[in-house]
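The values are calculated or read from the model by the stated rules, or taken from the named source; none is laboratory data. These numbers were taken from a predicted model, which means no experiment stands behind them. Cβ sites come from the backbone with ideal geometry, for glycine too, and all protein chains shown count toward neighbours. SASA here: full protein model, heavy atoms, side chains in, ligands and nucleic acids out. Shrake-Rupley method; radii C 1.70, N 1.55, O 1.52, S 1.80 Å.
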Amino acid sequence: MATCFWLRSCGARRLGSTFPGCRLHPRAGGLVPAPGPAPGPAQLRGYAGGLAGLSAALLRTDSFVGGRWLPAAATFPVQDPASGAALGMVADCGVSEARAAVRAAYEAFCSWREVSAKERSSLLRKWYNLMIQNKDDLARIITAESGKPLKEAHGEIFYSAFFLEWFSEEARRVYGDIIYTPAKDKRALVLKQPVGVAAVITPWNFPSAMITRKVGAAVAAGCTVVVKPAEDTPFSALALAELASQAGIPPGVYNVIPCSRKNAKEVGEAICTDPLVSKISFTGSTTTGKILLHHAANSVKRVSMELGGLAPFIVFDSANVDQAVAGALASKFRNTGQTCVCSNRFLVQRGIHDAFVKAFAEAMKKNLHVGNGFEEGTTQGPLINEKAVEKVEKHVNDAVSKGATIVTGGKRHHLGKNFFEPTLLSNVTQDMLCTHEETFGPLAPVIKFDTEEEAIAIANATDVGLAGYFYSQDPAQIWRVAEQLEVGMVGVNEGLISSVECPFGGVKQSGLGREGSKYGIDEYLELKYVCYGGL
């Protein structure tokens, strides 16, 4: 889950109170201020400059099914990861709501599949235009519910919208084939048709982009979708539903069923095993992906899986140190290290090792600023929750206990329980947890190596392969290493690789299929062969 171009100028928090001094309570139309005591100093600091004046129309709390906003029997709280404050109560959908959403999507599919590609294209373009018009409010929602620095949140909104724009164009480029067979009185045709209803399950770290990357392709192909957003970040998905409705996307084409962590397993199972669902698209952990693959196997559903990574970042002796350090900062610390493609293991050749570590440490101290996502200058927001902080802490402590050295950082930040200092470790060895588990936090462990062959062996010694990066000025080495790295995406002298035009996905246990690019729409299309005889 990643972005590229916009991060050159950009640096996820949760939906806070709309106005200073107010709390958020649910109602059928969205979130409204409720009377009560003003928030304390920590809350005020958290919301400063954030959500004041935010459009109430985008602050939805109910599920969105069949073009209608529907409450659930229960609600669950969404919390601000920076302060821990409750930000609002959202509909806690269960199995019955999930099945109702699937039925609504299936009923809509029966007519949506017949809508012309040109009309689908036009509607997606209107949805894109509305996202751009509402970019500031949408970005504030992302920062509020995920902690992401506001500048990065703005970047994510552009990235998200560009997927709708891209697939609005690809909708009109779904072509089939005519095949001439040996028989003179026959012709063979290959048609591309939408697979049907898609169950879309998305993560919290890119709460908008991971939806549009999947839904844009599905809707362009003629499919309908049921989205189950992450329980930490449901407001972005619901805001997109409001804009989809405003754009004229027909009822039932885009459905959202938020649910709590308690209900997530059974809701996910319900939509992934429903016989009316033909496709599952999931971004998240490899462990959860395997469970969903099991559900898909029972009814032989199509799947797209973008799962965990353990990206190597290799710096060879021939590399330009300044370029490598800049790439390392961008790759590792975007979204406070909470991306699937962020570098998890830094492999630095002996001849350049000390210079790189010194320059990297200096760059981290100069450029990385921990703070609330709404505050000017913040590049490192909170981690999504305390469990995420505990994992980073565990990796640091394990590495130090086995001989690693803390160059900078290394502990929780004084701002609060979900903040952790950007951390650089040296003298790291392959027996440490941080080299074979995905940290998903602001930790950069550096391993020293001697030869190219050694670096490749270390980089490939894992059962996942999403992204990989390396820096070298040797043309022959660049070709060798790019071809030998066992990953789905490679950054050569570049730390930011994602773009709507390029295929996103991994190999090994990092997933199946590709998202974005001209290939992304194929994930939602079936091939049908028609033999036309009697000519």
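Pairing each residue of the range 238-251 that is within 26 Å of Gly88 (Cα to Cα) and among the acidic types (Asp, Glu) with any residue that is open to solvent by 10 Å² or more (accessible area, probe 1.4 Å) and part of a helix (DSSP H, G or I), provided the two are 6+ apart or on different chains, yields C-beta distances under 8 Å for Glu242/Ala57. Within the range 140-155, the residues that satisfy the criterion of being among the charged types (D, E, K, R) and open to solvent by less than 10 Å² (accessible area, probe 1.4 Å) are Glu145, Lys148, Glu152.
Against the list (1) open to solvent by 20 Å² or more (accessible area, probe 1.4 Å); (2) within 24 Å of Asn418 (Cα to Cα); (3) more than 26 Å from the chain's Cα centre (by Cα), the condition Ala363 fails is (1). Evaluated against (1) open to solvent by 10 Å² or more (accessible area, probe 1.4 Å); (2) in a loop (DSSP other than H, G, I, E, B), Val400 falls short on exactly one condition, (2).
Of all residues assigned to the range 329-343, at least one qualifies as being surrounded by 22 or more Cβ atoms within 10 Å (Cβ to Cβ), farther than 22 Å from Val490 by Cβ and either modelled with pLDDT of 95 or more or over 20 Å from the mean Cα position of the chain (by Cα) (or both). Leu466: closer than 27 Å to Thr287 by Cβ and surrounded by 23 or more Cβ atoms within 10 Å (Cβ to Cβ), yes or no? Against the criterion (closer than 27 Å to Thr287 by Cβ and surrounded by 23 or more Cβ atoms within 10 Å (Cβ to Cβ)), Leu466 qualifies.
Table: residues versus (1) under 17 Å from the mean Cα position of the chain (by Cα); (2) among the acidic types (Asp, Glu).
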site: Asp232; (1), (2): yes, yes
site: Phe235; (1), (2): yes, no
site: Leu238; (1), (2): yes, no
site: Ala241; (1), (2): no, no
site: Gln246; (1), (2): no, no
site: Pro251; (1), (2): no, no
site: Ile257; (1), (2): no, no
site: Lys262; (1), (2): no, no
site: Val267; (1), (2): no, no
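Let's see how each residue does on (1) open to solvent by 20 Å² or more (accessible area, probe 1.4 Å); (2) within 22 Å of the chain's Cα centre (by Cα):
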position: Leu425; (1), (2): no, no
position: Thr439; (1), (2): no, yes
position: Leu443; (1), (2): no, yes
position: Ile456; (1), (2): no, no
position: Ala459; (1), (2): no, no
position: Phe470; (1), (2): no, no
position: Glu486; (1), (2): yes, yes
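The residue pairs whose first member lies in the range 455-467 and is assigned to a loop (DSSP other than H, G, I, E, B) and of a type in the set (Asp, Glu), whose second member is buried (at least 23 other Cβ atoms within 10 Å of the Cβ) and at pLDDT 95 or above, and whose beta carbons are closer than 9 Å, counting only pairs six or more residues apart or on different chains, are Asp463/Leu310; Asp463/Ser510. Of the residues Ala34, Ala48, Ala38, which is touching a strand residue (DSSP E or B) at 6+ places or on another chain (Cβ under 7 Å), surrounded by fewer than 21 Cβ atoms within 10 Å (Cβ to Cβ) and either modelled with pLDDT under 80 or outside the structural domain of Asn263 (by the TED database) (or both)? Selected residue: Ala34, the only one of Ala34, Ala48, Ala38 that is touching a strand residue (DSSP E or B) at 6+ places or on another chain (Cβ under 7 Å), surrounded by fewer than 21 Cβ atoms within 10 Å (Cβ to Cβ) and either modelled with pLDDT under 80 or outside the structural domain of Asn263 (by the TED database) (or both). Tallying residues that are within 26 Å of the chain's Cα centre (by Cα) and part of a helix (DSSP H, G or I) within the range 84-99 yields 4.
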